[in-house]
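For reference, the structure discussed in these notes is given below.
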Amino acid sequence: NGNHWARANSIPLSTLAIDPANPLTLYGGYNSIAKSTDGGLTWASASTGLTPQFFVTQLLIDQSNPSTLYATGVGYFFLEGPSSNPATPLDQPPPTLRYFFKSTDAGTSWQEVSSLPLPQPPAALAMDPQNSARLFINISGVLYRTTNGGGSWQLVNNRAAYVGLVVDPKTASTLYGLDNGDPVRSTDAGQTWAKIGKGLPLPAGVRMAAAVLWVLS
């Protein structure tokens, strides 16, 4: 319960996802994705299908079907020359960038989510705890929603430059996020937002909104 800690990983990690059916199975991201089946003691690559370098910013795991995962970040794919070396000569074409991938086989392979054009890395990705096929993604300040696991998307709000998105685990129409460090809330599935920082010092400077999940559960 946090009273004592022991190191449980041998690789750098920037994000982590835990299998809800088997907490010994972990997925970690840094400049690729790795998987552990022994609680983080040992790790193996789980990045087949990703770009040669994929710097992970967020990993989400389907709570009802843990073999499905989503990963956002920045991936570099070189069309010519040394595909694994970002220091390509100037006469080589620039790398193509990839930002959003999905795995449906517990990280064995990944496929790019290409159903939504991504001009830059997503600022936030959130999954509905009650309906894991329902996700929200913020791209360049524009909020989209999918109800079929990324197969298609609907525009929700074109002025929602919020990060740290989470969906209320009890009320699916309620979302939380951060606006320049201040917490905000939507009660209409992301269409309109209001600040909820009463009682916090201003500016609040909050870094993560995930704590609200614990509070509401």
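Ranked from the most accessible area to the least, with a 1.4 Å probe and all protein chains present, what is the order of ILE61, ILE18? Before the final figure, lay out the partial values.
Details: ILE61 15, ILE18 85 Å².
Greatest to least solvent exposure: ILE18, ILE61.
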Check: Ignoring ligands and nucleic acids, what accessible area does THR174 show with a 1.4 Å probe (Å², nearest 10)?
Finding: 20 Å²
Next item on the list: Mind ranking TRP153, TRP110 by accessible surface for me, highest first, 1.4 Å probe?
Entry: TRP153, TRP110
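With the cut-off at 11 Å, report for segment 117-162 the share of all Cα pairs above it, as a whole percent.
62 percent
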Checklist line | Distance histogram for segment 90-149 (every C-alpha pair counted, 5 angstrom bins, percent rounded to whole numbers) | finding: 4, 15, 22, 24, 17, 8, 5, 3, 1, 0, 0
Checklist line | segment 134-184: radius of gyration and largest Cα-Cα distance (Dmax), Å | finding: 10.9, 32
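Need the full-extension length gain, PHE55 to THR171, defined as separation in residues times 0.36 nm minus the C-alpha distance. One decimal, nm. Kindly include the intermediate steps, with their values, before the conclusion.
Values: separation 116, 0.36 × 116 = 41.76 nm, distance 3.25 nm.
Contour length minus the Cα-Cα distance gives 38.5 nm.
The values are calculated or read from the model by the stated rules, or taken from the named source; none is laboratory data. As the structure is a computational prediction, the values presented were derived from the model and not from experiment. For accessibility, only protein heavy atoms count, side chains too; no ligands or nucleic acids. Shrake-Rupley method; radii C 1.70, N 1.55, O 1.52, S 1.80 Å.
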